[in-house]
1. Can you name the condition, by its number, that F328 falls short on among (1) of a type outside the set (D, E, K, R); (2) surrounded by 15 or more Cβ atoms within 10 Å (Cβ to Cβ); (3) in a loop (DSSP other than H, G, I, E, B)?
2. Could you run through segment 335-355 and say how many residues are open to solvent by 60 Å² or more (accessible area, probe 1.4 Å) and in contact with a helix residue (DSSP H, G or I) (Cβ under 8 Å, 6 or more places away or on another chain)?
3. Open to solvent by less than 30 Å² (accessible area, probe 1.4 Å) and within 25 Å of D430 (Cβ to Cβ): is that true of L239 in this structure?
4. Conditions first: (1) over 26 Å from R344 (Cα atoms); (2) hydrophobic (A, V, I, L, M, F, W, C); (3) assigned to a helix (DSSP H, G or I). I233 passes all but one, so which condition is the exception?
5. Just name the residue that is nearest to L325 (Cα to Cα) out of those in segment 398-443 that are open to solvent by less than 70 Å² (accessible area, probe 1.4 Å) and in a strand (DSSP E or B).
6. For P315, work out the one condition from (1) within 27 Å of P412 (Cα to Cα); (2) modelled with pLDDT of 95 or more it doesn't fulfil.
7. Quick one: in segment 381-397, of everything that is aliphatic (A, V, I, L, M) and crowded, with 20+ Cβ neighbours inside 10 Å, which residue is farthest from Y305 (Cα to Cα)?
8. Residues being more than 20 Å from P314 (Cα to Cα) and either open to solvent by less than 50 Å² (accessible area, probe 1.4 Å) or modelled with pLDDT of 95 or more (or both): count how many of those fall in segment 194-221.
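The values are calculated or read from the model by the stated rules, or taken from the named source; none is laboratory data. Please read all numbers here as calculations on a predicted model, not as lab measurements. Neighbour counts run over all protein chains shown; Cβ positions are idealised from the backbone, glycine included. The accessibility values were calculated without ligands, DNA or RNA, using every heavy atom of the protein model including side chains. Shrake-Rupley method; radii C 1.70, N 1.55, O 1.52, S 1.80 Å.
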Amino acid sequence: MGSMDTSMSAENGSATHATAMLNGDQKPVVGDGASPPVIETTPESDMLKKLKASMLPLEVGTRVMCRWRDGKYHPVKVIERRKLNCGSVCDYEYYVHYTEFNRRLDEWVKPEQLDLDSVEAVVDEKVEDKVTSLKMTRHQKRKIDETHVEGHEELDAASLREHEEFTKVKNIATIELGRYEIETWYFSPFPPEYNDSLKLYFCEFCLSFMKRKEQLQRHMRKCDLKHPPGDEIYRSGTLSMFEVDGKKNKVYGQNLCYLAKLFLDHKTLYYDVDLFLFYILCECDDRGCHMVGYFSKEKHSEESYNLACILTLPPYQRKGYGKFLIAFSYELSKKEGKVGTPERPLSDLGLLSYRGYWTRVLLEILKKHKGNISIKELSDMTAIKADDILSTLQNLELIQYRKGQHVICADPKVLDRHLKAAGRGGLEVDVSKLIWTPYKEQG
């Protein structure tokens, strides 16, 4: 079931290990009248227990080691805490960020998962935060400006910190979409009436969401849709692509944004979806067309953006769909007779996917091409913006600057080595199956 399988198997593994240790320590006593072993409690162990109890509840900002789903301990920072029952200081659970990992793995943990011997004081950190908030150097302000996230460029440092504070804890833990139950990665600003819901149930066709399974079942009996509410512009085998106009299907577009935000850290949630087109990739069977991912693009972009947001849902990742979506966005740019580039900044996974795509496309052309070729010619052939071509080739150390111009140095052996490192190209877009008219030409 989605990404939950990893968690379940890890927990089961650690539980089995604990049982084995217990059986190994408590050896059976043979013979009549044998009494069970008496374990004496030393004053030292009592003091240790009192010391650990005095640490609880942990303060927000505390750094400690925490047992993760792999059974190993990793450093975490306490982001938030909440009281479960009245009475004991142990009746708290903590929302932690694993400092070695991406924020998508943040989660609520029980006190027994924490190694209290590893607790670090938070006094210095609090003082540092307070000083930082009161006074920032010009360099620090510039650093924050450079790391502004998508859609928040207009926020000052204080507003950005307030935004991050507001979104630091996941509000929805899991969703059910079609035949999958999926663990979410990030906060998404669902309407206030869903604040008390840890799990949401989505209709996989119209993307309406509900609090209870019974509501979804009633909805599915009435919902007439078996595919996204738009025009099918591509069909090859079991794969289909639908174009959904945000102006014509406003509720669907907004629900898609709510859903996507659960898996994208720095996505801006656009309530005004009228300005966007959504391209929904589906796997089709006799039950309907099931969404596996999507990308969106502005209807009119002055910056030549051919993609605003891209997502492959977790159950369908590592199957080549992300690369397919990127390739599809460039095929649309070719149909428009334009060069394109994705909207910045890219997410961590988005950047990796694009670098891989640009690398494979450019190297395959360079490998086949005889004679000299310019960056402008590469751009015309691929619809990739010249700046993206230049940065990709520079990253691969395939370009040099000589006598006032950039020169591509493409040794066949070097090209083969880079192509091998770039990995598989993913699913191919069969352009002959694409039936599409650019938006500006639509009636």
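1. It is condition (3) that F328 fails.
2. Total satisfying the criteria: 2.
3. Working: open to solvent by less than 30 Å² (accessible area, probe 1.4 Å): yes; within 25 Å of D430 (Cβ to Cβ): yes.
Considered against the rule, which asks whether it is open to solvent by less than 30 Å² (accessible area, probe 1.4 Å) and within 25 Å of D430 (Cβ to Cβ), L239 comes out as yes.
4. (3)
5. Once the filter is applied, the top-ranked residue is L434.
6. Unmet for P315, out of (1) within 27 Å of P412 (Cα to Cα); (2) modelled with pLDDT of 95 or more: (1).
7. Our first condition is that a residue be aliphatic (A, V, I, L, M); within segment 381-397, this holds for 381, 383-384, 386, 389-390, 393, 396.
Going one step further and asking which of them are crowded, with 20+ Cβ neighbours inside 10 Å, we end up with 383-384, 389, 393, 396.
Numbers: A383: 11, I384: 11, I389: 15, L393: 21, L396: 24 Å.
It comes out as L396.
8. First, the residues of segment 194-221 that are more than 20 Å from P314 (Cα to Cα): 194-197, 210-221.
With either open to solvent by less than 50 Å² (accessible area, probe 1.4 Å) or modelled with pLDDT of 95 or more (or both) added as a condition, the list becomes 194, 197, 210-221.
Total satisfying the criteria: 14.
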